[in-house]
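What follows is one structure encoded as structure tokens, with my remarks underneath.
The values are calculated or read from the model by the stated rules, or taken from the named source; none is laboratory data. Everything numeric in this text was worked out from a predicted model, so none of it was measured. Note that each Cβ is placed from the backbone with ideal geometry, even for glycine, and that neighbours are counted across all protein chains shown. Side chains are part of the model used for accessible areas, which takes the heavy atoms of the whole protein and leaves out ligands, DNA and RNA. Shrake-Rupley method; radii C 1.70, N 1.55, O 1.52, S 1.80 Å.
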Amino acid sequence: MNNKNIKIESISKNYSDLSGHTIQIFENISFNIEAGKVTTILAPVGKGKTSLLKSVANIGKIKNGLNKKRIYIPKEPSSFPWLNVRENILFNLDKTDESIFKNIIKYVGLDGYEDHYPNNYSFGFRFRISFARAIINNPELILIDESISVLPLQRKFELYELIRKVASEMEIPIFYSTSSLSEAIRISDKILYFNQFPANKIIGKPILIDEESRIDDSEFFEIQNFFTTDEVLLISNSSI
Amino acid sequence: MNSNKTKEVKTLSKSNITIFFILIYLVLFEFAWVNQSSIPKPSMLLETFASLITEYNLLNGLFETTAILFPAIFLAILIIEFFIRIFLNIILNFNGIINISSPFKYFSFFFFALLFNVIFPNSLLAEFVFITFLVLGNLITTLSDASNSISKEYIESAESLVLSNGKILSKVFWKSIKPNYYGKLVKIHTNAWLAVIVYEFIGAVNGVGAIYKLAFDYNDLFAIISLGIFIAILILAVNSILDFVISKLVFWE
């Protein structure tokens, strides 16, 4: 097994509602996120995808002193509007090799925008900033929470390509979440979904198609054969 | 961008309304309705303003008031800026402390102004401390309100970058709420003027408030109105400068 793979073991999540009842979202679930690949958690809205990502990213837990970071990119792009692109990307770093910065900014398509401020730009632009900040931190895992679902199709395809390129060329495991089966199929190497709600198991389906058919709708419908009809109905949230 | 435009339109309409009322007053009471005696004529107010300087020693009073007011506001702002991590930690983790102090807001500042004047009569230092605490209290309340406006995505992103709690507070939380916080400074400045005048009116020794008291004792209606208009223009001018400076330094939108 590649030592850059991430093994998630026995994580659980619950919360208390207003009446004080404990609601279990998932319990004791384990799965692997492989290096160099995009693994997607697919589930309808409100079924615990964000909670799973935050649990894996250790959001809300004290992590001082950790060398390896699991960088979480929330649904709303989290570039800081009071900083320009360069300051955003180098936000938490005391010193970075300028050539590494130049390479990454070129890689994510922000070359020439170093002094621009993110609030004047689109959702996709701000996602690129957050993504570049994640990459430059040399993380052990990047977690992306439906950040690009709201973009127009063409912008989405560009970012799918960028995310897949970063995963494979930099060997960074990427954990993506979406409620859209079509999006999951286009971006993922492996799709995970909960067995039930609340979940006590995660089921994984590898996507074994070549790169070109990822954006081919006729192939897309065949991919549904990976799932039973009930599973598709359950997990796709009518987004086919 | 849109909010800036709306703000511009609001400021414009506010100044238009002010100019409109001044014109109405000028035309009505200077030229049209000359025989009435209850509302002073604009030309009379101008004459009275001159007597405010010569007879009531306005410039000296104004110096005394502003020498207390602006350093007090400045000091309160500095205290917040300097101890921002401590204040934010208290607001976020020990909100009970803020709640404990909340019954004090039901005492009017007038009550505390009376108290200070009785315990420390004629003390400029007491006046300075009173105004500093009042502004500080306003700033802490504003900080607490602004803290609710932060987008949690910023905090989660910073957390996943393994930043320390202190750095998250100062580099993300504070930066994020700054526009909201400083946006209220104009209102706090206006309230501080009200407080300082009331304080000085009660003490009747120093500043603009003492001039008001003198004019009140002499039953000098023209002086009261003339001074009121002058102070209102002064507050408006400082507010405009504050608005401009804050929009250039703090607002990043």
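Let's see how each residue does on (1) away from chain B (no Cβ under 14 Å); (2) in a loop (DSSP other than H, G, I, E, B); (3) not β-branched (V, I, T):
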position	(1), (2), (3)
A:I29	yes, no, no
A:T40	yes, no, no
A:S51	no, no, yes
A:L93	no, yes, yes
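Among the listed residues A:K75, A:K61, which satisfies the condition of being touching a strand residue (DSSP E or B) at 6+ places or on another chain (Cβ under 6 Å), modelled with pLDDT under 90 and basic (K, R)?
Values: A:K61 fails: touching a strand residue (DSSP E or B) at 6+ places or on another chain (Cβ under 6 Å).
On inspection, the qualifying residue turns out to be A:K75.
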Of everything in the stretch B:218-253 that's under 30 Å from B:K175 (Cα atoms) and surrounded by fewer than 13 Cβ atoms within 10 Å (Cβ to Cβ), which residue is modelled with the lowest pLDDT?
B:L249
Which condition breaks for A:P173 when tested against (1) within 14 Å of chain B (Cβ to nearest Cβ); (2) within 23 Å of A:L93 (Cα to Cα); (3) of a type outside the set (S, T, Y); (4) open to solvent by less than 60 Å² (accessible area, probe 1.4 Å)?
(1)
Those residues that are more than 19 Å from B:L234 (Cα to Cα) and touching an Asp or Glu at 6+ places or on another chain (Cβ under 7 Å), I need them from the stretch B:180-220; list them, please.
none
Considering residues that are open to solvent by 20 Å² or more (accessible area, probe 1.4 Å), outside any helix (DSSP H, G or I) and not β-branched (V, I, T), the number found within the stretch A:99-150 is 14
Is there any pair linking a residue in the stretch B:58-83 that is in contact (Cβ under 8 Å) with a residue 60 or more places away in the chain to one that is crowded, with 16+ Cβ neighbours inside 10 Å and among the aromatic types (F, W, Y), with Cβ under 6 Å and at least six apart or on different chains, and which?
B:I68/B:F128; B:A72/B:F128
Given the options B:L134, B:L125, name the one that is free of Cβ contacts under 8 Å to residues at least 24 places away in the same chain and either open to solvent by less than 10 Å² (accessible area, probe 1.4 Å) or over 15 Å from B:F173 (Cα atoms) (or both).
B:L125
Can you confirm whether the stretch A:159-171 contains a residue that is polar (S, T, N, Q), more than 22 Å from A:I202 (Cα to Cα), part of a helix (DSSP H, G or I) and modelled with pLDDT of 90 or more?
yes
Just for the stretch A:1-18: of the residues that are in a loop (DSSP other than H, G, I, E, B) and open to solvent by 80 Å² or more (accessible area, probe 1.4 Å), which one is farthest from A:L192 (Cα to Cα)?
A:L18
Which pairs have Cβ atoms under 7 Å, sit 6 or more apart or on different chains, and link a residue in the stretch B:231-243 that is farther than 19 Å from B:G61 by Cβ to one that is at pLDDT 90 or above and open to solvent by 50 Å² or more (accessible area, probe 1.4 Å)?
B:N239/B:T190
Regarding the stretch B:206-216, can at least one residue be identified that is assigned to a loop (DSSP other than H, G, I, E, B), buried (at least 18 other Cβ atoms within 10 Å of the Cβ), away from chain A (no Cβ under 14 Å) and touching a helix residue (DSSP H, G or I) at 6+ places or on another chain (Cβ under 6 Å)?
yes
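Inside the stretch B:52-61, can you point out the residues that are in a helix (DSSP H, G or I), over 15 Å from B:Y199 (Cβ atoms) and in contact with a helix residue (DSSP H, G or I) (Cβ under 7 Å, 6 or more places away or on another chain)?
Kept after step one, since they are in a helix (DSSP H, G or I), are these residues of the stretch B:52-61: B:52-54, B:58-61.
This time we only want the ones that are over 15 Å from B:Y199 (Cβ atoms), so: B:52-54, B:58-60.
Correct list: B:L52, B:I53, B:L58, B:L59.
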Could you figure out which of (1) in contact with a Ser or Thr (Cβ under 8 Å, 6 or more places away or on another chain); (2) at pLDDT 85 or above isn't true of A:Y15?
(2)
Condition first: modelled with pLDDT of 90 or more and open to solvent by 70 Å² or more (accessible area, probe 1.4 Å). Can you find one or more residues in the stretch B:87-107 that meet it?
no
